[in-house]
1. What about Lys90, is it under 19 Å from Leu154 (Cα atoms), at pLDDT below 95 and open to solvent by 30 Å² or more (accessible area, probe 1.4 Å)?
2. Please indicate, with yes or no, whether at least one residue in segment 125-145 is within 23 Å of Arg29 (Cβ to Cβ), hydrophobic (A, V, I, L, M, F, W, C) and without any contact (Cβ under 8 Å) to a residue 12 or more places away in the chain.
3. Quick check on my filter: what residues within segment 95-105 are without any contact (Cβ under 8 Å) to a residue 60 or more places away in the chain and within 15 Å of Cys28 (Cβ to Cβ)?
4. May I ask you to list pairs of residues, at least six apart or on different chains, whose Cβ atoms are under 8 Å apart, with the first in segment 64-87 being within 22 Å of Arg111 (Cβ to Cβ) and the second being part of a helix (DSSP H, G or I) and of a type in the set (Val, Ile, Thr)?
5. Mind listing whichever residues of segment 142-171 are surrounded by fewer than 16 Cβ atoms within 10 Å (Cβ to Cβ), touching a strand residue (DSSP E or B) at 6+ places or on another chain (Cβ under 8 Å) and polar (S, T, N, Q)?
6. Select from segment 104-141 the residues that are in a loop (DSSP other than H, G, I, E, B) and within 17 Å of the chain's Cα centre (by Cα) and write down the one among them that is surrounded by the most Cβ atoms within 10 Å (Cβ to Cβ).
7. Scan segment 36-46 residue by residue and report those that are in a helix (DSSP H, G or I), open to solvent by 30 Å² or more (accessible area, probe 1.4 Å) and not charged (D, E, K, R).
Amino acid sequence: MDETVRYGYRLRPGAQAVAALSAEWGRCRWLWNEAVNQQRSGNRPTYAKLSKMLTTARARNGWLRDGSQVAQQEMLRTYGAALDHSFKVKGRGRPGIKRKRDTLPSLNYSRNGFRITGGRLKLPKGVSIPVVWSRELPGEPTSVRVYQDSLGHLYASFVVKREMTPAPAAS
């Protein structure tokens, strides 16, 4: 039996990495807001429809193509999950617009969207960020979330699936 565990680490990005992450957050925020607008206009934005929207938007807009497709797909997947929860969980409202000044940046990358090499987190489009390793990861991470706190510090939260050890039998 496997369990999913998150491990959080502080990041120490340089000026170029901060600029790249900020630009990526802007692109992903635009996609989220576009999905919210589609939902509000009466369309039913399923993940398949949102993926087609992403494909056509990337074909038309060079600035969107400059970003990571993995992060953009993950943002749409997160939107789909939030929309689904809004129908299933009582009291949960529909996903809303993400305004730049009100929302803290957060980017998700799946297994094929990042690498850990030489103690650095390597993201698409040549972004390399040093990680402050406080402990070893117990296995290969399956995904990572790069996020910023309210003080402006950047963190990485790695998801690792590890095998659970059975609890000793009670006597």
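The values are calculated or read from the model by the stated rules, or taken from the named source; none is laboratory data. Note that the structure is a prediction, hence the values are computed from the model and not measured. Note that we place each Cβ from the backbone using ideal geometry, even for glycine, and neighbour counts take in every protein chain shown. The accessibility values were calculated without ligands, DNA or RNA, using every heavy atom of the protein model including side chains. Shrake-Rupley method; radii C 1.70, N 1.55, O 1.52, S 1.80 Å.
1. Considered against the rule, which asks whether it is under 19 Å from Leu154 (Cα atoms), at pLDDT below 95 and open to solvent by 30 Å² or more (accessible area, probe 1.4 Å), Lys90 comes out as no.
2. no
3. Arg99, Leu104, listed by residue number.
4. Pairs that qualify, where the first residue is within 22 Å of Arg111 (Cβ to Cβ) and the partner is part of a helix (DSSP H, G or I) and of a type in the set (Val, Ile, Thr), are Tyr79/Val36.
5. Selection gives Thr142 alone.
6. Selected residue: Phe114.
7. The answer is Asn37, Gln38, Gln39.
Matching residues to (1) of a type outside the set (D, E, K, R); (2) in a helix (DSSP H, G or I); (3) over 16 Å from the mean Cα position of the chain (by Cα):
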residue	(1), (2), (3)
Tyr7	yes, no, no
Pro13	yes, no, yes
Glu34	no, yes, yes
Arg99	no, no, yes
